[in-house]
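What follows is a set of notes on a single structure, which appears directly below.
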Amino acid sequence: MNISPNKTRPEPQDASEESSHGAPALEEGAQSTPEEGPTRSKTILIMLALCLAVFLAALDITIITTALPTIAAHFKTNGTAYSWIGSGYLLANAATVPSWGKFSDIFGRKPILLTANVIFLVGSLICALADNIKMLIVGRIFQGIGAGGLVSLVNICIGDLFSERLVEQVFNQQKPSRSLC
C-alpha cells in the first residue's frame, strides 16, 4: 500500500486488493452501488405478507357483516347500536386512509404498516373482550382505523415494490416468440 502525504487513508496498490471485511476496497469518494431490488424470493415473501395483511381487513368486514344479527342478539341491542357495529368500522376506515399515506411518506412504509397492524390487533382484542355493545363499537372503530392503514399501505408498498421502470425493463427484455401478423 502506498500512503500519499496529502491523504490520511492508505490507498490500495491495485484494484484486486481487498479491504478487511472481504469486499473490494473502494477509492476515497467512491460510493458502492445499491442493490437493484429485492430478489425473487424476497419479493414473493413480501407479497405474501402484504396479501395476508389485506386478507385480515377483508375477512373482518365479511365475517362481522354475516354475524351481525347474532352479535346484536347476544348483546340485546336496539337497531341504532346494531348499525354502528359496521358503520363505525367503515367510517373510521375511510376517514383515516389519507392520513396513513402521509404518515408513511414521513416515517417510512414499514413502521407505519406495522403500526396499522398493531392498531388493528388492539381493536380485535377490544372486540374479543367486549362485555357490552359500546365496548364492541369502540373496538370496531379501532379495527377500522387499523384496516384503513392496512388496505392503503399495502397498495402503496406494492407500488413501491414494482416500480414502473422495473416493469418496463422486464417487458422490454422479453421478446415475442412469433409475430401475430
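The values are calculated or read from the model by the stated rules, or taken from the named source; none is laboratory data. From a predicted model like this one, the values you see are computed outputs, not experimental measurements. Heads up, the Cβs are rebuilt from the backbone with ideal geometry, glycines too, and the neighbour counts pull from every protein chain shown. Remember, those area values only see protein heavy atoms, side chains included, never the ligands or the DNA or RNA. Shrake-Rupley method; radii C 1.70, N 1.55, O 1.52, S 1.80 Å.
Details
Table: residues versus (1) within 23 Å of ALA49 (Cα to Cα); (2) assigned to a helix (DSSP H, G or I); (3) modelled with pLDDT under 95; (4) hydroxyl-bearing (Ser, Thr, Tyr).
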{"site": "HIS74", "(1), (2), (3), (4)": "no, yes, yes, no"}
{"site": "THR80", "(1), (2), (3), (4)": "no, yes, yes, yes"}
{"site": "SER83", "(1), (2), (3), (4)": "no, yes, yes, yes"}
{"site": "SER87", "(1), (2), (3), (4)": "no, yes, yes, yes"}
{"site": "ILE106", "(1), (2), (3), (4)": "yes, yes, no, no"}
{"site": "PRO111", "(1), (2), (3), (4)": "yes, yes, no, no"}
{"site": "ASP131", "(1), (2), (3), (4)": "no, no, yes, no"}
{"site": "GLY146", "(1), (2), (3), (4)": "yes, yes, no, no"}
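- Out of LYS110, LYS134, sole residue that is basic (Lys, Arg) and within 12 Å of the chain's Cα centre (by Cα): LYS110
- Against the list (1) more than 25 Å from the chain's Cα centre (by Cα); (2) crowded, with 18+ Cβ neighbours inside 10 Å, the condition ALA67 fails is (2).
- Answer residue from the range 118-174, given it is open to solvent by 40 Å² or more (accessible area, probe 1.4 Å) and basic (Lys, Arg) and is farthest from ASN93 (Cα to Cα) among those: ARG165
- Test: residue in the range 27-50 that is at pLDDT below 50, surrounded by 11 or more Cβ atoms within 10 Å (Cβ to Cβ) and at negative phi: no
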